[in-house]
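Participant: Take a look at this one; I'll ask things after.
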């Protein structure tokens, strides 16, 4: 089988590529920087250097593929984040259609059912929808929970203010996901290729109240009383701008936090709860978090 994997040597893409290669498959990996893909090349992957924003490049690279793994890389320099995500989804759909690719595993997100009101995740909803317009293509949308790695964004707040928080409260039960657990699911689905039609699979590694996240991360860094603080939407946006994020990105993240706070973003997850959770628990991630905290 011939696979094309987008995302370069990213947190989910790299282990997917290695799993497929180990299974004896032909794999092309798309990335912007050849030096970042050296390990994958040395392990037998073909490398395609280019941008997923370049439709002609995608059409050429998807040629001959039996299945593709699509993800939309973050771009924090855009004027309309949701529309930027949507446009890359359109590019994927056109390249898939042009090459008659039959299987697609698409990385979306918890809350991917929300057409509006979920920040960048509503952009991912638009990308799902444009892919779902394709006929005679089997598409599986993966909707993982909140990436553990997103918690690194709180390092400065903890160091400077001895708090952690967001615009949702300490009792919110967070759905958390580790990239390696997402990659394991994606690789499994790509190797089996037994999904049909247009379907969704929710993924999570752990489920913890925000206050417990604060407690476990705090304990790992020697601050066992670290509190989770709920901010207003205005405070959240202002804080992110002060931390250096562009207004468009800060507004979208605040909107996503509001969707989490309301429960709308995770409602489909709880309705269609996965049969099992991934291997990587919050305590496992806390060790990496502590290393990053101590190195800063």
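Participant: Are there any helices (runs of 4 or more DSSP H) wholly within the stretch 177-243 with 2 or more residues that are within 19 Å of residue 162 (Cα to Cα) and modelled with pLDDT of 95 or more, and if so which?
Facilitator: Values: elements: 179-192, 210-220, 233-242.
Qualifying helices (runs of 4 or more DSSP H): 210-220, 233-242.
Participant: Do we have residue 9 as at pLDDT below 95 and either assigned to a strand (DSSP E or B) or within 30 Å of residue 240 (Cα to Cα) (or both) here?
Facilitator: Numbers: at pLDDT below 95: yes; either assigned to a strand (DSSP E or B) or within 30 Å of residue 240 (Cα to Cα) (or both): yes.
For residue 9, the condition - at pLDDT below 95 and either assigned to a strand (DSSP E or B) or within 30 Å of residue 240 (Cα to Cα) (or both) - is met.
Participant: If you check 90, 14, 59, 82, which single one turns out to be surrounded by 15 or more Cβ atoms within 10 Å (Cβ to Cβ), outside any loop (DSSP other than H, G, I, E, B), more than 20 Å from the chain's Cα centre (by Cα) and in contact (Cβ under 8 Å) with a residue 12 or more places away in the chain?
Facilitator: Working: 90 fails: more than 20 Å from the chain's Cα centre (by Cα); 14 fails: more than 20 Å from the chain's Cα centre (by Cα); 82 fails: more than 20 Å from the chain's Cα centre (by Cα).
Checking each option against the conditions leaves just 59.
Participant: Moving on to the next point. Take the conditions closer than 29 Å to residue 242 by Cα, touching a helix residue (DSSP H, G or I) at 6+ places or on another chain (Cβ under 6 Å) and not in a strand (DSSP E or B) and apply them to residue 77. Does it pass? Explain how you work it out, then say what you get.
Facilitator: Working: closer than 29 Å to residue 242 by Cα: yes; touching a helix residue (DSSP H, G or I) at 6+ places or on another chain (Cβ under 6 Å): no; not in a strand (DSSP E or B): yes.
Spelling it out, it is not the case that residue 77 is closer than 29 Å to residue 242 by Cα, touching a helix residue (DSSP H, G or I) at 6+ places or on another chain (Cβ under 6 Å) and not in a strand (DSSP E or B).
Participant: Search the stretch 24-51 for residues being in a loop (DSSP other than H, G, I, E, B) and in contact with a helix residue (DSSP H, G or I) (Cβ under 6 Å, 6 or more places away or on another chain), and hand back the single one that is farthest from residue 187 (Cα to Cα).
Facilitator: Residue satisfying both the conditions and the ranking: 50.
Participant: Considering only residues that are crowded, with 22+ Cβ neighbours inside 10 Å and free of Cβ contacts under 8 Å to residues at least 60 places away in the same chain, which ones fall in the stretch 62-79?
Facilitator: Within the stretch 62-79, 62, 72 qualify.
The values are calculated or read from the model by the stated rules, or taken from the named source; none is laboratory data. Values in this document were obtained by computation on a predicted structure and should not be read as measured data. Every residue, glycine among them, receives a Cβ derived from its backbone with ideal geometry; neighbour counts consider all protein chains shown.
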